[in-house]
Structure formats: C-alpha cells, structure tokens
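The values are calculated or read from the model by the stated rules, or taken from the named source; none is laboratory data. All values reported here derive from a predicted model rather than from experimental measurement. Backbone-built Cβ (ideal geometry, glycine too); neighbour counts: all protein chains shown.
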Amino acid sequence: MATVCENEMRLKHIFKVLQNIILTAPFLYAFSCLKSSNEKSRLVYILKKVNIMVAEDTRKGGNGVEILTERLLVIPCSLDIAKSLIIHRKELEERSPIVIPPVWPSSLTQGLLPLYIERLEKSREAYGWGLWLIIHAAEKKIIGDFYIADKPDRDGKVEFSCQINPSYPEQIAFEALNMFFSWLSSQNQVKTVQTECRIENEDMIHLLHKLGFICRKREDYYLLWQICKNGDV
C-alpha cells in the first residue's frame, strides 16, 4: 500500500508531466479523444489534486494553469497557433482537434494577434501574458478568449479584455472569468487587475460586479473596472 509520501511524489511527477504537455496541441487532442464523462472526470480529478502545486509554481513566476471544472479549459495561445490563425487559418481549422468557429477570433482579437506574435518572438516570458483561449471541453470548441495587454507594470497593475460567445449561459462566462481572475491573483507581481466594457454591456457589468470589481470611471461609451488584491479601494 502506497504511503502518503509516495503518493505525494507520484502527484508531483504527474504535475511535472502535465506542466510540459498541458499547454500543447497534443494535450488538447488527448483530451478531445476522451469519450466518457468518467474518463474526463478522472482527468479533472487529477488536475484538481495538483492544483496546490500549480499555485506554488505560479508564485515562483512559472506559467502554471488551473483547470478547475469539467466544462472549460483556459490556456495561453502558443506562438504556432497564433501564427497559424493568420497565415494558415484554413489548414488549422481542418487539422485542429478543437473546433475553431468562423466567428472567432473577434475583430478586436484578430487585430491584436500581430502584436502578440511580436511579443512572443521577442521574449518567451511574454507567454501567459497575452492571448488565452477559452475552450468548452464537452463541445471541443473555442468559445472565446482573454487578452492581457502586457506584463504587470511597476505598480503591479495588469489590464485584460474578454471576449466570450454571448450564446452561452452566464454561468459559463462567470466560470471562465472566475478561473482567469484566480490565475491572475495567484501571480505575486499582480496587485491590481483592470478591464473595460461598454456601458450597454449589462451582462459583463453584472459579472464584474459579481467578481468584486469596482467601476472607477466612465470614458465616452466605456466603463473602467478595477479590483485590488489587498482589498484597497
């Protein structure tokens, strides 16, 4: 019978393996091949078990990723995928195990792709501080994205934008936002998280309120939202 120490060592080994594959296309393919909900539940169970170690890794400045539910995967977009979206979109759609809908990425995200690619080519440290894909696991489909404008500034402020297919229920959007905000909050260098939304976007306003964001100001048709990790107003 395995001891507690042996189980801990085994989980650490699993984590190291997952850390190497979880952000890659082979992992997405492997996940998409899981047919039964039981198989997916077992994988999510393992990922939850290593969740503490993921948090430890992110505090050390790594690119740990938390997968907290059976419904969503939220992962950074690799340089290869970003380039393929611009140069080989049709081939990527045909070969990808994950469905890439015609409406994604949005015109806003599409316009940011060249800048994101340039950032990744200049520094590997930009990975995790740019475009993130929101994937519906059961449908094996990209349903939106997050985009972080840059690494935290000297005051620890980081800004992100969010695009989620509005045809999905609010619970999905909240799940994605909550997961993503948890990852940002786990980064030592992040002190303040900031985002914007249009004044008529009632759904996003409701979600940001629910997450604890505070509306700081209005600029034309946009509202600026912030939340501080230490609870400062």
Among residues of the stretch 205-222 being buried (at least 16 other Cβ atoms within 10 Å of the Cβ) and over 17 Å from the mean Cα position of the chain (by Cα), the residue farthest from Asp153 (Cα to Cα) is Ile205
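Residue-wise test of (1) β-branched (Val, Ile, Thr); (2) under 19 Å from Glu159 (Cβ atoms).
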{"position": "Pro102", "(1), (2)": "no, no"}
{"position": "Pro105", "(1), (2)": "no, yes"}
{"position": "Leu112", "(1), (2)": "no, yes"}
{"position": "Leu115", "(1), (2)": "no, yes"}
{"position": "Glu118", "(1), (2)": "no, yes"}
{"position": "Ser123", "(1), (2)": "no, yes"}
{"position": "Ala126", "(1), (2)": "no, yes"}
{"position": "Gly130", "(1), (2)": "no, yes"}
{"position": "Ile134", "(1), (2)": "yes, yes"}
Any chance the stretch 201-215 includes a residue that's aliphatic (A, V, I, L, M), under 21 Å from Gly111 (Cβ atoms) and touching a Pro at 6+ places or on another chain (Cβ under 6 Å)? no
Wholly inside the stretch 71-189, strands (runs of 3 or more DSSP E) that include 3 or more residues that are modelled with pLDDT of 90 or more and surrounded by 16 or more Cβ atoms within 10 Å (Cβ to Cβ) are 131-136, 141-148, 157-164
